[in-house]
Amino acid sequence: MKIALIVNPRIGAKKTKNLLLLAEKRLKKANILFDLFVTQYHGHAAEMIKNMPLSEYDGIVSVGGDGTNYHVLNGLLKYHHDAELPPLGIIPAGRGNSFAKDLEIHTEEDGFAALSRRTTRAVDVCRFTQDEDVYFFVNLMGLGFVTDAAKTAARFGWTGDLSYIIGVLYRTMRLKFHHLDMEIDGHIISEKNCFVEICNSRFTGGNMLMAPGAKIDDGLFDVVVLSPLSRTSLISTFPKIFKGTHGDNPAIKFYQGKTALIRTTPEKTLLPDGEIFGAAPTQITILPGRVRYFF
């Protein structure tokens, strides 16, 4: 077995070095050969995948967070035919490792163990549009308050896991709402809105259980809609996300669907798999079992 190991060095020089030493040890023990690819800039993983001879590999493995996996996924689905796609793997080494949890991969050791087992499972993918182009995500895509908080958190990345909490608190103090027009499988929602999350998997921001009922292989995405609420209500509800009990707040509603069309006024930035990219309007479509992941 031979894999392409795509490493995001933004995880830190020391961590990258230690992980590569661990990779050599674990993969050698499992009789897995690998070619190493190190990204040089944001989005480089997709560019590397575009020109990669996939027939030479039995798996494409991202070493990083949800963003690294996002770029690997888009490189595969945008530039290669389905018949060419090898299974994907994840070594969760980034700040946000939400999607890997639904594969029962919680640590780097779990990631290498999944590769060693060589077992895979089919996973749904969400396709979303930007004008005439299409992109893909497997974790979730948000807009509104969640994207605004992520923008602020990006400025405080040096604080580590604390950065998103800073983003939430900052945006709560400056809480604003927008108008949402959304159609989910024919069901129309038109109202003032705080945020929307289109969830293929359960977690966001590492350990926040945004969509407790979501499954990565049920052919549906889960939609979490937060209507306008007070700052006090938002702050008191935020900690409940870590246990998945935030649905107790009547301002939160859950839906499921296969297609969704979203428009906002004013235009709101999107947050697919933790990447600040694109804007509404967008159409989201579920692609059942489109890729396979080691687990």
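Checking residue 250 against (1) under 30 Å from residue 74 (Cβ atoms); (2) open to solvent by 70 Å² or more (accessible area, probe 1.4 Å); (3) over 18 Å from the mean Cα position of the chain (by Cα), which test does it fail?
Result: residue 250 fails condition (1) only.
Scan region 43-62 for residues that are open to solvent by 10 Å² or more (accessible area, probe 1.4 Å), touching a strand residue (DSSP E or B) at 6+ places or on another chain (Cβ under 6 Å) and aliphatic (A, V, I, L, M) and jot them down.
Within region 43-62, just 48 meets the criteria.
Filter region 63-103 for residues that are acidic (Asp, Glu) and crowded, with 19+ Cβ neighbours inside 10 Å; which is nearest to residue 34 (Cα to Cα)?
Of all residues in region 63-103, those acidic (Asp, Glu) come to 66, 82, 84, 102.
With crowded, with 19+ Cβ neighbours inside 10 Å added as a condition, the list becomes 66, 102.
Working: 66: 21, 102: 25 Å.
Ranking the candidates gives 66 first.
Where residues in region 220-236 are under 17 Å from the mean Cα position of the chain (by Cα) and farther than 16 Å from residue 193 by Cα, which of them is most open to solvent (accessible area, probe 1.4 Å)?
Pass one, region 220-236, residues under 17 Å from the mean Cα position of the chain (by Cα): 220-224.
Retained after the next criterion (residues that are farther than 16 Å from residue 193 by Cα): 220-222.
Working: 220: 44, 221: 0, 222: 16 Å².
By that ranking, first place goes to 220.
From the list 202, 263, exactly one residue is in a loop (DSSP other than H, G, I, E, B) and basic (Lys, Arg). Which is it?
On the way: 263 fails: in a loop (DSSP other than H, G, I, E, B).
Only one candidate passes the filter, namely 202.
Given (1) in contact (Cβ under 8 Å) with a residue 24 or more places away in the chain; (2) of a type in the set (Asp, Glu); (3) more than 30 Å from residue 26 (Cβ to Cβ), identify the lone condition not met by residue 104.
(3)
Output the number of residues of region 213-251 satisfying the condition of being closer than 26 Å to residue 190 by Cβ and not in a helix (DSSP H, G or I).
So the count comes out to 16.
I need a count of the residues in region 90-130 that are under 17 Å from the mean Cα position of the chain (by Cα) and either part of a helix (DSSP H, G or I) or hydroxyl-bearing (Ser, Thr, Tyr) (or both).
Step one: filter region 90-130 for residues under 17 Å from the mean Cα position of the chain (by Cα), giving 90-107, 111, 122-129.
Applying the additional criterion that residues be either part of a helix (DSSP H, G or I) or hydroxyl-bearing (Ser, Thr, Tyr) (or both) yields 98-103, 107, 111, 129.
Total meeting the criteria: 9.
Output the number of the condition that residue 40 fails; it satisfies all remaining conditions of (1) open to solvent by 60 Å² or more (accessible area, probe 1.4 Å); (2) over 21 Å from residue 73 (Cα atoms); (3) of a type outside the set (A, V, I, L, M, F, W, C).
In the conditions (1) open to solvent by 60 Å² or more (accessible area, probe 1.4 Å); (2) over 21 Å from residue 73 (Cα atoms); (3) of a type outside the set (A, V, I, L, M, F, W, C), residue 40 misses (2) alone.
If you go through region 123-163 one residue at a time, how many are under 20 Å from residue 69 (Cα atoms) and either open to solvent by 50 Å² or more (accessible area, probe 1.4 Å) or touching a Cys at 6+ places or on another chain (Cβ under 6 Å) (or both)?
Adding up the residues that qualify gives 7.
Looking at (1) at negative phi; (2) at pLDDT 95 or above; (3) open to solvent by 50 Å² or more (accessible area, probe 1.4 Å), which is the only condition residue 239 fails?
(2)
The values are calculated or read from the model by the stated rules, or taken from the named source; none is laboratory data. Only a predicted model underlies this, so the values are computations on that prediction, with no experimental measurement involved. Note that we place each Cβ from the backbone using ideal geometry, even for glycine, and neighbour counts take in every protein chain shown. In case anyone asks, the SASA skips ligands and DNA or RNA and just uses the protein heavy atoms, side chains included. Shrake-Rupley method; radii C 1.70, N 1.55, O 1.52, S 1.80 Å.
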